[in-house]
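Everything below concerns the one structure shown next.
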Amino acid sequence: VAPPQLGDEFENLTVAFNQMAQRLQSVESTRRRMFGDLAHEIRTPVAVLEAYLEAVEDGVKTLDPQTIAMLREQTGRLVRFSADAGALAQAEESHTAIARGPVDTAELLTALKAAFADRYAAKAVALHTDAGDTARIWADRQRLTQVLGNLLDNALRHTPAGGHVTLTATRRGPEVAFTVTDDGDGIPAGHLPHVFERFYRADSARDRGHGGSGIGLAIAKALTEAHGGHISAASRGPGQGTTFTVAVPVASQREGVPTSS
């Protein structure tokens with residue numbers, strides 16, 4: 001007896017069910033990996049804090065300036081990680097609020113340079129800016145500052161003393177492209193497609209030593225896309241520096257913001 005033919009509708013339902021099961025499996029796999037990454041990121045500073053506190057309690061160490069500085073450093077890592085994790089969750093929400101308004105690109109770059117001046121000077125890394133003739137754009141200044149700030153922070157961590165980082169803004173047709181270029185560590189070609197993934201590190205041991213949370217670039221990507229823009233990374237390889245490019249739409253005349261000087 002031939003098996004019953006249940007028709008196209010049943011076959012379509014079966015295909016849809018299998019696809020849903022595959023998506024759920026992928027989501028569960030991602031969830032497990034994220035929790036594992038979270039645990040790993042938190043484990044190191046917590047272990048250091050615990051070891052130092054036990055040493056103080058046992059009388060092996062005293063709360064001298066060096067010990068206090070170490071405790072503050074590890075506490076700061078946890079605080080930064082908590083803030084970054086919250087920012088990433090918010091940035092990746094589909095309803096991320098983007099409060100657009102006129103943003104003067106030259107003034108934005110000047111403000112960013114001033115905000116990072118002390119940190120760059122402390123590491124003896126030179127920070128240069130060039131806004132060209134990009135004039136104003138229609139964007140969320142706070143979010144855009146967060147994106148470029150994350151890129152400047154990333155560049156500083158991976159550029160040695162005596163190095164240079166350059167932040168530029170260039171008009172490219174209907175977009176303005178912001179670039180952050182450094183002459184630091186560089187990124188192997190095989191890692192470039194993954195640098196915007198949460199917790200991804202081209203060199204885990206090295207990056208943790210630099211104090212990054214592993215999600216700053218993921219935040220930058222999510223906020224850039226919320227603007228209707230796109231972000232990319234380019235590097236000629238280890239030791240050859242890296243360039244990150246953030247492209248966002250330029251304002252139009254109908255939005256009330258001039259597109260040229």
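Values for this structure:
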read-out	value
Subset tally (residues that are touching a strand residue (DSSP E or B) at 6+ places or on another chain (Cβ under 6 Å) and either surrounded by fewer than 23 Cβ atoms within 10 Å (Cβ to Cβ) or over 21 Å from His227 (Cα atoms) (or both)) for the stretch 132-147	3
Output for the stretch 164-176, where each listed residue is of a type in the set (Gly, Ala, Ser) and surrounded by 19 or more Cβ atoms within 10 Å (Cβ to Cβ)	Ala169
Strands (runs of 3 or more DSSP E) enclosed by the stretch 96-153 - at least 1 residues per element that are among the acidic types (Asp, Glu)	101-104, 126-130
Candidate set: the stretch 222-261, residues that are touching a Phe, Trp or Tyr at 6+ places or on another chain (Cβ under 6 Å) and more than 19 Å from Gly186 (Cα to Cα); chosen: the one modelled with the lowest pLDDT	Val257
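The values are calculated or read from the model by the stated rules, or taken from the named source; none is laboratory data. These numbers come from a predicted model, not from an experiment. Cβ sites come from the backbone with ideal geometry, for glycine too, and all protein chains shown count toward neighbours.
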